[in-house]
1. Name the residues whose placed amide hydrogens come within less than 5 Å of the amide hydrogen of VAL160, ignoring near sequence neighbours (fewer than 5 apart) on the same chain.
2. Are there GluC sites (Glu not before Pro) in the range 95-185 that DSSP marks as loop and that have at most 13 other Cβ atoms within 10 Å, and which are they?
3. Residue by residue through the range 46-61, which ³J(HN,Hα) values in whole Hz follow from phi under the Karplus form 6.51 cos²θ - 1.76 cosθ + 1.60 (θ = phi - 60°), with glycine and proline marked x?
4. Quick check on packing: order 131-139, 179-187 by the mean number of other C-beta atoms within 10 Å, highest mean leading.
5. Quick one: order GLU53, GLU37, GLU29 by neighbouring beta-carbon count within 10 Å, fewest to most.
6. Could you list HIS140, HIS155 in order of exposure, starting from the residue whose Cβ has the fewest other Cβ atoms within 10 Å?
7. Between THR245 and LYS232, what length comes free when the chain is fully extended (0.36 nm per residue of separation minus the Cα-Cα distance, one decimal in nm)?
8. Report, in whole Å, the centroid distance computed from the Cα atoms of the range 7-57 and the range 85-106.
Amino acid sequence: MVKEPEDLVDRDLLHLLAYIKRLPLPSDEVIAGRKIEFGEIIRHKTLIFDLDETLIHSKMVPPGAPQMSTFAQGGGAQSSGDNAQLSFEIQLPGAPPGQGRFLVTQRPYLRMCLEHLSNYYEMAIFTAAEQTYADLIVDHIDPERKYFRHRLYRHHCIKVAEVYVKDLRIIDDRTFEDMVIVDNSILSFAAQLDNGVPICSFVTTTAYTPMLPNNSGVDMMGMPVDQELHQKDVRIANRKTFQLTQLMDDIREDGEDEQMDDDEDDQ
Ligand SMILES: [Mg+2]
């Protein structure tokens, strides 16, 4: 049976939204105890990036594996227009011998994208990873700290059930209408669905497959964030583009979605 475009909604997404709908989000009292400030406002809008599977993919290096070559590590040699794969290793301090090594691969065109976006947005990292691990990676991506003015880590997340929620209410001196969070997991921005830009997970298991260049650094990461800059309230644009809130509202209270029932009827 031919389906209407609006019927082609991913079932995994609906399950995640049903889960979010039941998730007891942090109370104002909890948030009050977690507040931080970003300080001086240098741009109208703030772009907040997840790290793993959004900007990079990392995998643990098995004990005894040889060190990567200098060329493959890439160092800081990537120019803004460079499409070379830049993988590098990090070593967690204090890890037992042979352990704590991670091979990190940057999303293609990452630095070109960041270079472009940093002209227009205040940018921050918000990761559910531990600070030690995250800093090793972000220091490599942004050694001069010219892209990310702020870094938030696992201890800034609020654990709800088994989810580390990145609740934007903790950022006390920015408004919701001016914050966008780009994350490969919608669970991360469950507390403010309309502030989220869901991005396809970046995962690499083998050698790099080059991407063809597109017109802008933004497109290269598949993110429609350029449009956010021109919004008075980013939530309005996101609600229209991604329709996450609408989809969640349409899910019945018992957790079963009408659409999913219809799908099963068709089979
Ligand atoms: Mg992630």
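1. VAL165
2. Numbers: sites: GLU115, GLU122, GLU130, GLU144, GLU162, GLU177; in loops: GLU130, GLU144, GLU162.
Passing sites in the range 95-185 are GLU130, GLU144, GLU162.
3. Using θ = phi - 60°, the values come out as 10, 9, 10, 10, 5, 9, 5, 6, 10, 8, 9, 10, 10, 9, 5, 8 Hz.
4. Values: 131-139: 18.0, 179-187: 21.8.
Packing proxy ranking, top to bottom: 179-187, 131-139.
5. On the way: GLU53 17, GLU37 11, GLU29 7.
Ordered from fewest to most neighbouring Cβ atoms within 10 Å, GLU53, GLU37, GLU29 come out as GLU29, GLU37, GLU53.
6. Working: HIS140 19, HIS155 11.
Fewest-to-most ranking of HIS140, HIS155: HIS155, HIS140.
7. Details: separation 13, 0.36 × 13 = 4.68 nm, distance 1.90 nm.
Net length gain for the segment: 2.8 nm.
8. 27 Å
Values quoted throughout were computed directly from the atomic coordinates according to the rules given, and no laboratory measurement underlies them. Source: prediction; values computed, not measured. Neighbour counts run over all protein chains shown; Cβ positions are idealised from the backbone, glycine included.
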